[in-house]
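Peer 1: Before anything else, here's the structure in question.
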Amino acid sequence: MAKSLRQEVPSSTQPALQVAAERAIRYTQQIADRRVSPAPSDVEKLAGFHEPFPEHPCDPENVIAMLDDVGSPATTASTGGRYFGYVIGGALPASMAASWLVNAWDQNVALRSMSPVAAEIEEVVLRWVCDALGLPADCAGGFVTCATMANFTALAAARTALLARVGWNVVEDGMFGAPPIDVVVGAEVHMSIQKALALVGFGRRRVTTVEVDGQGRMRADKLPKLSHRTIVCIQAGNVNTGAFDPAAEICARAKEQGAWVHVDGAFGLWAHASPKYRHLTAGFELADSWGTDAHKWPNTNYDSGIVLVRDGGSLRASMTAPAAYLEPGSGREPMYHAPEASRRARGVELWAALKSLGRVGLCELIERTCAHAVKFAEGLRAAGFAVLNEVVVNQVLVSFGSAEKTREVIRRVQEEGTCWCGGTVWQGQTAMRISVSSWATTEAGVERSLQAIVRIAREVIATA
């Protein structure tokens, strides 16, 4: 018999929370030993969710039980240590626990008056992020869902600032009849920039594309003529090779001609936190705006993107939408720094992650995952396979011969379940892409995964 929704809140909420906590803890305890991709039979059981909209209430404990019994086995074990597909970090214990508390708080972080604690923590963690990334301490910033939205927000701020220079108020008058803005990207521009350019109204094809080198770095000597109405988008961490554009040279050229430089640094910007890899980020602090993710290297829960802008006025002008019933206070108002008005307190999870790591822990996380990537590259080369990139951080590209053989190896690795690696095409060559981003990855997990990849690759080659 379903419990009535009219019961007192404490008695109706506590049992469901206890059940959820117990089941979530069990899930995290088992994640290291289970296969990374779900078994086909478990995926088939997801059909159980396809039912008509229920007529009557269902006991919350039974709802959670169904989610766990049917849903948990069909998850990809991306929070474990052997998931190397895409750049997905496993959630740190402090971040995961903070997420549970944040959900219990259920705060709307639009205005400070709606959640003083969330607004205050956002200010603190934004300063920490600027410190960790070596960016100007007085940057304005906001919390969004991902790097795509961070890039979108930064490009909107750039659009506002550049058009204001020529007397055009894009917030009030829109893009119809506005003076043109030129956009410059590298030939290996990430799709998140392309999507953001489309969303902001610049389009994906109305850009000037700059030649890159063999690792995907933009060639500064190939930059076109820039102006005070130009946005240059550069990369800190190519999604395939991990390579970094020559930021210092590009930013110097842009500043001479009044252009705005935006950095797509979804994971690469965090390399600054390591003295060993900090040289890769030299010059990126000279840009005008930056987009990055916290759910990648800092290993917070999904979703957690961050936008930072040197000119806070342009960011606030782009994102502010006043209303009579929304009364801002004298301090920083979260909704004036990001596209969303109503949103969850995702900054709290990042605060918990960085608080738990500290400067030393963040550095160690980055250096350890990079060392694991080097181990993958060395093991694959030793087995006779071609590593296609300079392993500068945590990205490895490997070919197993022809495109057909490589794709078959990737398919079988994903199906076998020891680890999960994705595929890509790098400058015309099909490759397996290994991204090491999780705090939970161990040397033993890397070795186990290497053995599985090499064994499967040799089986594919032997039967081809």
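Peer 1: Explain nothing, just the number: relative contact order of the stretch 162-267, from Cα pairs under 8 Å at least 6 residues apart, as a whole percent.
Peer 2: 26 percent
Peer 1: Give me the extension gain from ARG407 to ALA371: residue separation times 0.36 nm, minus the current Cα-Cα distance, reported in nm with one decimal.
Peer 2: That pair, ARG407 and ALA371, stretches by 10.4 nm at full extension.
Peer 1: What figure, in Å² to the nearest 10, do you get for the accessible area of PHE84 with a 1.4 Å probe and non-protein molecules left out?
Peer 2: Only protein atoms counted, so the area is about 0 Å².
Peer 1: Right, something else. List the relative contact order of the chain as a percent without decimals, with contacts defined as Cα pairs under 8 Å and 6+ residues apart.
Peer 2: Computed value for the chain: 21 percent relative contact order.
Peer 1: For the pair SER113 and VAL425, what calculated FRET efficiency results from E = 1/(1 + (r/R0)^6), where r is the Cβ-Cβ distance and R0 = 41 Å, to the nearest 0.05?
Peer 2: The pair VAL425/SER113 has a calculated efficiency of 0.25.
Peer 1: So for the pair GLN30, TYR325, with labels modelled 7 Å out along Cα→Cβ, what separation do we get in nm?
Peer 2: It is 4.5 nm.
Peer 1: Now for a separate question. Roll a 1.4 angstrom probe over the protein heavy atoms and tell me the percent of accessible area of the stretch 118-262 that is carbon or sulfur.
Peer 2: Reported share for carbon and sulfur atoms: 51 percent.
Peer 1: Same structure again: With the Cα gyration tensor of the stretch 195-247 in hand, give its eigenvalues times 5 under a square root as the equivalent ellipsoid semi-axes, listed largest first in whole angstrom. List each step's numbers first, then the result.
Peer 2: On the way: eigenvalues 82, 46, 18 Å².
Working from the Cα gyration tensor, I get semi-axes of 20, 15, 9 Å.
Peer 1: So for the chain, taking the charge dipole from beta-carbon charges (+1 Lys/Arg, -1 Asp/Glu), which of VAL460, MET66, VAL102 sits furthest toward the positive end?
Peer 2: Of VAL460, MET66, VAL102, it is VAL460.
Peer 1: Given LEU269, VAL207, GLN257, which one lies farthest toward the positive end of the charge dipole of the stretch 201-272, if we put +1 on the Cβ of every Lys and Arg and -1 on the Cβ of every Asp and Glu?
Peer 2: The residue sitting farthest along the positive end of the dipole is VAL207.
Peer 1: Treating only the Cβ atoms of Lys and Arg (+1) and Asp and Glu (-1) as charged, compute the dipole magnitude of the stretch 227-281 about its Cα centre; round to the nearest 20 debye.
Peer 2: 100 debye
Peer 1: Can you return the aspartates and glutamates within cross-link range of LYS405? Criterion is Cα-Cα under 20 Å, with same-chain partners fewer than 8 residues away left out.
Peer 2: GLU415, GLU416, GLU459
Peer 1: Could you give each residue of the stretch 409-416 its phi-based ³J(HN,Hα) in whole Hz, using Karplus coefficients 6.51, -1.76, 1.60 with θ = phi - 60°, and x for Gly or Pro?
Peer 2: Taking θ as phi minus 60°, the curve returns 4, 4, 4, 5, 4, 4, 6, 5 Hz for the stretch 409-416.
Peer 1: What accessible surface, in Å², does a 1.4 Å probe find on ASP311, ignoring ligands, DNA and RNA and rounding to the nearest 10?
Peer 2: 70 Å²
Peer 1: Ordering HIS50, HIS337, HIS272 by accessible area with a probe of 1.4 Å, largest first, what comes out?
Peer 2: My answer, sorted largest first, is HIS50, HIS272, HIS337.
Peer 1: From the phi of every residue in the stretch 286-298, what ³J(HN,Hα) in whole Hz does the Karplus formula 6.51 cos²θ - 1.76 cosθ + 1.60 yield, where θ is phi - 60° and glycine or proline is x?
Peer 2: Whole-Hz 3J(HN,Hα) from phi for the stretch 286-298: 7, 6, 9, 8, 9, x, 8, 10, 9, 7, 9, 5, x.
Peer 1: Please list MET175, MET149, MET335, MET191 in order of solvent-accessible area, largest first, computed with a 1.4 Å probe with all protein chains present.
Peer 2: MET191, MET175, MET149, MET335
Peer 1: Could you tell me which of the pairs LYS195/LYS375; LYS296/LYS375; LYS276/LYS355 are separated by over 30 angstrom between their Cα atoms in the structure shown?
Peer 2: Distance filter (> 30 Å) returns LYS195/LYS375.
Peer 1: So what is the relative contact order for the stretch 222-284, in percent, with contacts set as C-alpha pairs under 8 Å and at least six apart?
Peer 2: Dividing the mean separation by the residue count of the stretch 222-284 yields 39 percent.
Peer 1: Which value at 222 nm does the chain reach when only helices count, each DSSP H run of 4 or more adding -39,500 (n - 2.57), with the total divided by all residues and rounded to the nearest 500 deg cm²/dmol?
Peer 2: -13000 deg cm²/dmol
Peer 1: How big is the dipole moment of the stretch 286-344 about its Cα centre under a simple scheme where the beta carbon of each Lys and Arg is +1, that of each Asp and Glu is -1, and everything else is neutral? Debye, nearest 20, please.
Peer 2: The dipole of the stretch 286-344 has a size of about 100 debye.
Peer 1: So how strong a dipole does the chain carry about its Cα centre when Lys and Arg Cβ are +1 and Asp and Glu Cβ are -1, to the nearest 20 debye?
Peer 2: 940 debye
Peer 1: Roughly how many percent of the accessible protein surface of the stretch 271-390 is carbon and sulfur, given a 1.4 Å probe and a whole-percent answer?
Peer 2: 57 percent
Peer 1: Between GLY423 and residues 5 or more places away or on another chain, which pairs have amide H atoms under 5 Å apart, with H built 1.01 Å from N, and which residues are they?
Peer 2: Excluding prolines and chain starts, which carry no amide H, the hits are ARG433.
Peer 1: Next question. Classify the stretch 148-272 as rounded, prolate or oblate from the Cα gyration tensor: take a ≥ b ≥ c as the square roots of its eigenvalues, call it rounded if a/c is under 1.5, otherwise prolate when a/b beats b/c and oblate if not.
Peer 2: In terms of gyration-tensor shape, prolate.
Peer 1: What value in Å³ per residue do you get for the convex hull of the alpha-carbon atoms in the chain?
Peer 2: Looking at the chain, the number lands at 172 Å³ per residue.
Peer 1: Expressed as a whole percentage, what fraction of the accessible surface of the stretch 391-464 belongs to carbon and sulfur atoms when a 1.4 Å probe is rolled over the protein heavy atoms?
Peer 2: 50 percent
Peer 1: Would you mind working out the accessible area per residue for the stretch 162-314, using a 1.4 Å probe, and quoting it in Å²?
Peer 2: 38 Å²
Peer 1: Here is a follow-up. Can you tell me the accessible area per residue over the stretch 1-136, all protein chains present, probe 1.4 angstrom, in square angstrom?
Peer 2: 58 Å²
Peer 1: From the residues GLN414, GLN429, VAL387, which one has its Cα farthest along the dipole of the stretch 384-446 in the positive direction, the dipole being from +1 and -1 charges on Cβ of Lys/Arg and Asp/Glu about the Cα centre?
Peer 2: About the Cα centre, the residue reaching furthest to the positive side is GLN429.
Peer 1: Need one value: the accessible area of VAL391 in square angstrom, 1.4 angstrom probe, rounded to the nearest 10.
Peer 2: So the heavy atoms of VAL391 present about 40 Å² to solvent.
The values are calculated or read from the model by the stated rules, or taken from the named source; none is laboratory data. Keep in mind that this is a model prediction, so the values were computed, not measured. Cβ sites come from the backbone with ideal geometry, for glycine too, and all protein chains shown count toward neighbours. Heavy atoms of the whole protein, side chains included, go into the accessibility calculation; ligands, DNA and RNA do not. Shrake-Rupley method; radii C 1.70, N 1.55, O 1.52, S 1.80 Å.
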